[in-house]
Amino acid sequence: MREYKPNWWIAETSAWIAVNKPYGLSVEKTIGANDTIEDQVLAYLQRSTSMPFLGIVHRLDRVTSGILLLAKKKSALRKLNEQFSQRQVKKTYLAVVEGVPEKPEALLSQWLYKDQKEKKAIIFDEAGEQRDACQLHYRLLEEDGKKALLEVELLTGKFHQIRAQLAAMGTPIIGDDKYGASHFTYADKGIALHAYSLSFQDPIDAAPVLLRAKTPANPIWNW
């Protein structure tokens, strides 16, 4: 009998599970958030065990899609959290932005302030009070003069970091009206930012793992 796999399923071991999160869904249970990824994965795991453990290793914004890693054991959660905190994990995103960056490739090193009231990140070029250093590296993959497809390696994981840094560069992510996008439409409750790949060491045997997630079925990704 073939085992049922949800359409968001990517890979699974005894220690972790990786899923392709759709945009529009929250990662974890919060007030006002229904049918979250946490709810769905728990329901899937309950098919094989009555009391599954599920640990949130990292998070994606509700409007963002892509690969999400969750732990199935407390020991695995601890080891994976250590890798993330020590920046031993490589996170690569794809973003379609309005406009074309001046440079085809660059390292963006700036400072980010989280506006708690507006729930928005503000980017500065200099250090200051309550500002965290943030870094990402982008590379231009395709462009048509009006929009561009970027590969983004996230080097620090700050609140709305990719969205805010790309917008501060003058190239907001398509669909992200919170950060100034206006020229193209993407999807309801979604923006053209996709967590494309994730590499880490398996928490059980330390073997290298590389996972990839297909982009959403949206015409904006067709070049």
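Could you tell me how many of the residues in region 39-71 are within 19 Å of Ala192 (Cβ to Cβ) and among the polar types (S, T, N, Q)?
2
Out of curiosity, is Leu141 part of a strand (DSSP E or B) and either touching a Ser or Thr at 6+ places or on another chain (Cβ under 9 Å) or not hydrophobic (A, V, I, L, M, F, W, C) (or both)? Working first, answer last.
Details: part of a strand (DSSP E or B): yes; either touching a Ser or Thr at 6+ places or on another chain (Cβ under 9 Å) or not hydrophobic (A, V, I, L, M, F, W, C) (or both): no.
For Leu141, the condition - part of a strand (DSSP E or B) and either touching a Ser or Thr at 6+ places or on another chain (Cβ under 9 Å) or not hydrophobic (A, V, I, L, M, F, W, C) (or both) - is not met.
When you look at Leu140, is it at pLDDT 95 or above, surrounded by 14 or more Cβ atoms within 10 Å (Cβ to Cβ) and out of contact with any Pro (no Cβ under 9 Å at 6 or more places or on another chain), yes or no?
On the way: at pLDDT 95 or above: yes; surrounded by 14 or more Cβ atoms within 10 Å (Cβ to Cβ): yes; out of contact with any Pro (no Cβ under 9 Å at 6 or more places or on another chain): no.
Against the criterion (at pLDDT 95 or above, surrounded by 14 or more Cβ atoms within 10 Å (Cβ to Cβ) and out of contact with any Pro (no Cβ under 9 Å at 6 or more places or on another chain)), Leu140 does not qualify.
Step by step: first the residues of region 105-127, then only those that are in contact (Cβ under 8 Å) with a residue 24 or more places away in the chain and open to solvent by less than 40 Å² (accessible area, probe 1.4 Å), then the one that is nearest to Leu141 (Cα to Cα). Which residue is that? First the steps, then the outcome.
Start the filter on region 105-127 by keeping residues that are in contact (Cβ under 8 Å) with a residue 24 or more places away in the chain, which leaves 105-110, 112, 114, 120-123.
Checking the rest, the ones that are also open to solvent by less than 40 Å² (accessible area, probe 1.4 Å) come to 106, 108, 110, 112, 121, 123.
Values: Ala106: 13, Leu108: 17, Gln110: 23, Leu112: 26, Ala121: 26, Ile123: 24 Å.
So the residue we want is Ala106.
Quick check on Gln201: is it in contact with a Cys (Cβ under 7 Å, 6 or more places away or on another chain), at negative phi and modelled with pLDDT of 95 or more?
Numbers: in contact with a Cys (Cβ under 7 Å, 6 or more places away or on another chain): no; at negative phi: yes; modelled with pLDDT of 95 or more: yes.
So Gln201 fails the test.
If we keep just the residues of region 150-193 that are among the basic types (Lys, Arg) and assigned to a loop (DSSP other than H, G, I, E, B), which is surrounded by the fewest Cβ atoms within 10 Å (Cβ to Cβ)? Lay out the reasoning, then the answer.
Just the residues of region 150-193 that are among the basic types (Lys, Arg), to begin with: 158, 163, 178, 189.
With assigned to a loop (DSSP other than H, G, I, E, B) added as a condition, the list becomes 158, 189.
Details: Lys158: 21, Lys189: 12.
Going through the qualifying residues, I end up with Lys189.
Can you report the number of residues in region 42-59 which are modelled with pLDDT of 95 or more and touching a Leu at 6+ places or on another chain (Cβ under 6 Å)?
The qualifying residues number 3.
Here is a check on your reading of the model: is Asp61 within 16 Å of the chain's Cα centre (by Cα), of a type in the set (Asp, Glu) and open to solvent by 30 Å² or more (accessible area, probe 1.4 Å)?
Details: within 16 Å of the chain's Cα centre (by Cα): yes; of a type in the set (Asp, Glu): yes; open to solvent by 30 Å² or more (accessible area, probe 1.4 Å): yes.
So Asp61 passes the test.
Hey, can you tell me all the residues within region 209-223 that are assigned to a loop (DSSP other than H, G, I, E, B), open to solvent by 100 Å² or more (accessible area, probe 1.4 Å) and either under 28 Å from Ala76 (Cβ atoms) or without any contact (Cβ under 8 Å) to a residue 60 or more places away in the chain (or both)? Before the answer, list the steps.
Our first condition is that a residue be assigned to a loop (DSSP other than H, G, I, E, B); within region 209-223, this holds for 213-218, 222-223.
Okay, now just the ones that are also open to solvent by 100 Å² or more (accessible area, probe 1.4 Å), so 214, 217, 222-223.
Matches in region 209-223: Lys214, Ala217, Asn222.
If I ask for residues that are over 23 Å from Ser197 (Cα atoms) and open to solvent by 50 Å² or more (accessible area, probe 1.4 Å), which ones from region 18-38 would you list?
Initial filter on region 18-38 (over 23 Å from Ser197 (Cα atoms)): 29-35.
Correct list: Lys29, Thr30, Ile31, Gly32, Asn34, Asp35.
Show the residue pairs meeting these rules: Cβ distance below 7 Å; 6+ apart or different chains; first residue within region 194-208 and closer than 18 Å to Gly55 by Cα and open to solvent by less than 20 Å² (accessible area, probe 1.4 Å); second residue among the charged types (D, E, K, R) and part of a strand (DSSP E or B).
Leu198/Lys91
Let me confirm something: among Gln83, Gln46, which residue is more than 27 Å from Ile174 (Cα to Cα) and open to solvent by 50 Å² or more (accessible area, probe 1.4 Å)? Before you say what the answer is, go through the steps one by one.
Values: Gln83 fails: open to solvent by 50 Å² or more (accessible area, probe 1.4 Å).
Going through Gln83, Gln46 in turn, the sole match is Gln46.
Which pairs turn up if I take residues in region 56-67 that are free of Cβ contacts under 8 Å to residues at least 40 places away in the same chain and look for partners that are open to solvent by less than 30 Å² (accessible area, probe 1.4 Å) with beta carbon separation below 7 Å, at least 6 apart in sequence or on another chain?
Matching pairs, first to second residue: Ile56/Val27; Ile56/Leu70; Arg59/Val27.
The values are calculated or read from the model by the stated rules, or taken from the named source; none is laboratory data. As the structure is a computational prediction, the values presented were derived from the model and not from experiment. Note that each Cβ is placed from the backbone with ideal geometry, even for glycine, and that neighbours are counted across all protein chains shown. Calculation scope for accessible area: heavy atoms of the full protein, side chains included, ligands and nucleic acids excluded. Shrake-Rupley method; radii C 1.70, N 1.55, O 1.52, S 1.80 Å.
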